[in-house]
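Asks: Please read through the structure below; I'll follow up with questions.
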Amino acid sequence: MSHISYSEFTTFLSCPYRHKIQYIDRVRPTSIHLIFGSAVHEYCERFLLGNDTLVTLPELFDLYYEEREMEPFQPILKKDIEQILQQGAKFLPEFKQNFSEMFPNYKIIATEKEIYKKLVDKINFKGYIDAIVKVEDIYHIIDFKTCYSGWNQYRKSDIKALLQNAFYKYFSDYNFESTQTHYILLKRVAPAKQRVEKFTVDSSNIIEKGIQQLTKTARMIQKGCTIKKRSSCLRPFRCQFLKTKFCR
Ligand code: SF4
């Protein structure tokens, strides 16, 4: 193991055996939501770079579908693709319209910026920041999240969910005091003008514990911990590997 990402970290916390299946055995079935999320991320990043007119969301969806690592466990139906692309066609114009209101006079610093920084011993933290923009003297680290109708209060106060941007801020090259972090929620089902939300997180009071937990997790992975955490089989969602050949 030479690096750990945020998604590896959260997968291991939820179930070390699921981490083994996904990151050691590399069993990663695709899904309509994974493909849609990748297509939307790329579209948003292209918009920020000024070249979103060169490709459409359906074209990007097709591209990511073609490049899938593995077949989905659930078949991806044409009617579901049409529905999800229609939802994207509603929130993307709002995103494009609202971005400069959320970050007035912004300057693009980077999109899809790779972070690869030492965490502990021979383990690095690896991640990709969706976008970094600068407004006056402040750097804004942005992560796009496609979601159903937004995040509820439980999700907005779930420290584990908020650590992603906190890690990005911690491992980025920018001064901690002059950096802010935001999630841009892109809602598939929401009333007009409420389909895009900027959710800003103050990570200063969660980062210390987060780094301790990340380090501990990386060491447990390094030691080969692959226990089955059965309490995660059905909560908060049904694990896709439950009762398959990968986890009986
Ligand atoms: S089915 Fe349960 S034990 Fe198996 S990988 Fe999923 S969460 Fe872990």
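Asks: Among the listed residues Phe73, Phe9, which satisfies the condition of being in contact with a Leu (Cβ under 7 Å, 6 or more places away or on another chain) and closer than 26 Å to Thr244 by Cβ?
Replies: Phe9
Asks: May I ask you to list the residues in the range 232-248 that are in a loop (DSSP other than H, G, I, E, B) and within 25 Å of the chain's Cα centre (by Cα)?
Replies: Of the range 232-248, the ones in a loop (DSSP other than H, G, I, E, B) are 233-241, 243, 245-246, 248.
Listed by number, the residues that qualify are Cys233, Leu234, Arg235, Pro236, Phe237, Arg238, Cys239, Gln240, Phe241, Phe246.
Asks: Checking the conditions here, which among Ala192, Ala110, Ala161 is touching a strand residue (DSSP E or B) at 6+ places or on another chain (Cβ under 7 Å) and of a type in the set (Gly, Ala, Ser)?
Replies: Answer to the check: Ala110.
Asks: Same structure again: Identify the single condition in (1) within 25 Å of Phe246 (Cα to Cα); (2) assigned to a loop (DSSP other than H, G, I, E, B); (3) of a type outside the set (Ser, Thr, Tyr) that Asn105 does not satisfy, given that it satisfies every other one.
Replies: (1)
Asks: A follow-up question, please. Any chance you could count how many residues in the range 95-117 are loosely packed, with under 14 Cβ neighbours inside 10 Å and of a type in the set (Phe, Trp, Tyr)?
Replies: Number satisfying all stated conditions: 1.
Asks: Only one residue in Cys233, Cys225, Cys247, Cys239 is hydrophobic (A, V, I, L, M, F, W, C), over 30 Å from Asn105 (Cβ atoms), in contact with a Ser or Thr (Cβ under 8 Å, 6 or more places away or on another chain) and within 16 Å of the ligand (Cβ to nearest atom). Which one?
Replies: Residue meeting the stated conditions: Cys239.
Asks: Does Lys156 meet the test of being among the basic types (Lys, Arg), in contact (Cβ under 8 Å) with a residue 12 or more places away in the chain and surrounded by 16 or more Cβ atoms within 10 Å (Cβ to Cβ)?
Replies: Considered against the rule, which asks whether it is among the basic types (Lys, Arg), in contact (Cβ under 8 Å) with a residue 12 or more places away in the chain and surrounded by 16 or more Cβ atoms within 10 Å (Cβ to Cβ), Lys156 comes out as no.
Asks: Against the condition of a type outside the set (Asp, Glu), more than 16 Å from the ligand (Cβ to nearest atom) and surrounded by 14 or more Cβ atoms within 10 Å (Cβ to Cβ), how does Ser172 come out, does it pass?
Replies: yes
Asks: Identify, please: which residue in the range 10-45 is in a helix (DSSP H, G or I) and among the basic types (Lys, Arg) and is, among those, surrounded by the fewest Cβ atoms within 10 Å (Cβ to Cβ)?
Replies: For the range 10-45, the residue satisfying everything is Lys20.
Asks: Shifting gears a bit: Is it fair to say Ile32 is among the aliphatic types (A, V, I, L, M) and within 15 Å of the ligand (Cβ to nearest atom)?
Replies: Answer is no for this residue.
Asks: Kindly evaluate Glu208 against the criterion of being more than 22 Å from Ile84 (Cβ to Cβ), outside any loop (DSSP other than H, G, I, E, B), away from the ligand (no atom under 16 Å from the Cβ) and of a type outside the set (Val, Ile, Thr).
Replies: yes
Asks: From the list Leu92, Leu63, Leu48, Leu85, which one is outside any loop (DSSP other than H, G, I, E, B) and loosely packed, with under 15 Cβ neighbours inside 10 Å? Let's see the steps before the verdict.
Replies: Numbers: Leu92 fails: loosely packed, with under 15 Cβ neighbours inside 10 Å; Leu48 fails: loosely packed, with under 15 Cβ neighbours inside 10 Å; Leu85 fails: loosely packed, with under 15 Cβ neighbours inside 10 Å.
From the options Leu92, Leu63, Leu48, Leu85, the qualifying one is Leu63.
Asks: Restricting the first residue to the range 6-20 and requiring it to be near the ligand (Cβ under 8 Å from one of its atoms), which pairs with a second residue that is assigned to a helix (DSSP H, G or I) meet a Cβ separation below 7 Å and a spacing of at least six or different chains?
Replies: Here the result reads Ser14/Ser232; Cys15/Ser232; Arg18/Thr11, each pair linking the range 6-20 to a residue that is assigned to a helix (DSSP H, G or I).
Asks: Based on what the data block shows, is Gly150 touching a Leu at 6+ places or on another chain (Cβ under 7 Å) and modelled with pLDDT of 95 or more?
Replies: Here the answer is yes, as Gly150 does meet what is asked.
The values are calculated or read from the model by the stated rules, or taken from the named source; none is laboratory data. Just so you know, these numbers come straight off a predicted model, no measurement behind them. Heads up, the Cβs are rebuilt from the backbone with ideal geometry, glycines too, and the neighbour counts pull from every protein chain shown.
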